[in-house]
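Read through the structure below, which is laid out as structure tokens, and then see the notes.
The values are calculated or read from the model by the stated rules, or taken from the named source; none is laboratory data. Treat the numbers as computed from the prediction; the structure is a model and nothing was measured. Note: ideal-geometry Cβ built from the backbone for every residue, glycine included; neighbour counts use all protein chains shown. Just so you know, the surface numbers come from the protein's heavy atoms only, side chains and all, with ligands and any DNA or RNA stripped out. Shrake-Rupley method; radii C 1.70, N 1.55, O 1.52, S 1.80 Å.
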Amino acid sequence: MTRVLFVCLGNICRSPTAEAVFRRLVDDAGLAGEFEIDSAGTGGWHAGAPPDARAGSAAGRRGVRLAGAARQVTEEDFARFDVLVAMDGENLAHLRSLAPDEESAAKVRLLRADGGDVPDPYYGGPRGFEDVLDLAEEEGRRLLAELT
Ligand code: 4NP
């Protein structure tokens, strides 16, 4: 079993999208039984909230359904998950600062292999949500190949 946690700031836009897209890729590959996939936010302001409606609509147009309620990352996540996938450099730095030890800190990485950020779409227009989906698909495929 490989456990993967996607992490952004609010856990209502980018990480629920990356989680749902990755789950779809895993399902399509027939590997559903081999992965545990979840998402969380470094911030707790939206805890309990459903995914952002704009993110949900954009995903829905690609046949991907966003689900779940936002939650904040906890220290236990570093023990439970094998990989913590940060959406941007700020999330990465925040996660590394929360990591209880070196081994935990080493589980944290960026979604983008080129070291770039998945831009936060929260305060922008609809194109931002499409960009998140594009990156989640491309980098999700690469991540899945790397983990299998
Ligand atoms: P996310 O987007 O980190 O992709 O879920 C955001 C959601 C909410 C806020 C910022 C980013 N906010 O400041 O409330």
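A few remarks follow.
- Test for Leu25: is it within 17 Å of Glu139 (Cβ to Cβ), open to solvent by 10 Å² or more (accessible area, probe 1.4 Å), in contact with a strand residue (DSSP E or B) (Cβ under 9 Å, 6 or more places away or on another chain) and not charged (D, E, K, R): no
- Against the list (1) open to solvent by 70 Å² or more (accessible area, probe 1.4 Å); (2) within 17 Å of Val64 (Cα to Cα), the condition Arg142 fails is (2).
- Matching residues, segment 68-97, being away from the ligand (no atom under 16 Å from the Cβ) and either at pLDDT below 95 or among the hydrophobic types (A, V, I, L, M, F, W, C) (or both): Phe78, Ala79, Phe81, Val83
- Within segment 47-67, being part of a loop (DSSP other than H, G, I, E, B) and away from the ligand (no atom under 12 Å from the Cβ) holds for Gly48, Arg61, Arg62, Gly63, Val64, Arg65, Ala67.
- Enumeration of residues in segment 76-119 that are open to solvent by 50 Å² or more (accessible area, probe 1.4 Å) and within 20 Å of Met1 (Cα to Cα): Glu76, Ala79, Arg80, Asp82, Glu103, Ala106, Arg109
- Where a residue in segment 2-15 is more than 15 Å from Ala47 (Cβ to Cβ) and near the ligand (Cβ under 6 Å from one of its atoms) and its partner, wherever it lies, is open to solvent by 10 Å² or more (accessible area, probe 1.4 Å) and in a loop (DSSP other than H, G, I, E, B), with Cβ under 9 Å and at least six apart: Arg14/Asp88; Arg14/Pro119; Arg14/Asp120; Arg14/Tyr122
- Inter-residue pairs, beta-carbon under 7 Å, first closer than 13 Å to Ala29 by Cβ and in segment 131-148, second of a type in the set (Ser, Thr, Tyr), 6+ apart: Leu147/Thr2
- Search result, residues across segment 109-130 that are within 16 Å of the ligand (Cβ to nearest atom) and either over 17 Å from the mean Cα position of the chain (by Cα) or without any contact (Cβ under 8 Å) to a residue 40 or more places away in the chain (or both): Leu110, Arg112, Gly116, Asp117, Pro119, Tyr123, Gly124, Gly125, Pro126, Arg127, Gly128
- Of all residues making up segment 22-36, the number that are over 9 Å from the mean Cα position of the chain (by Cα) and in contact (Cβ under 8 Å) with a residue 24 or more places away in the chain: 8
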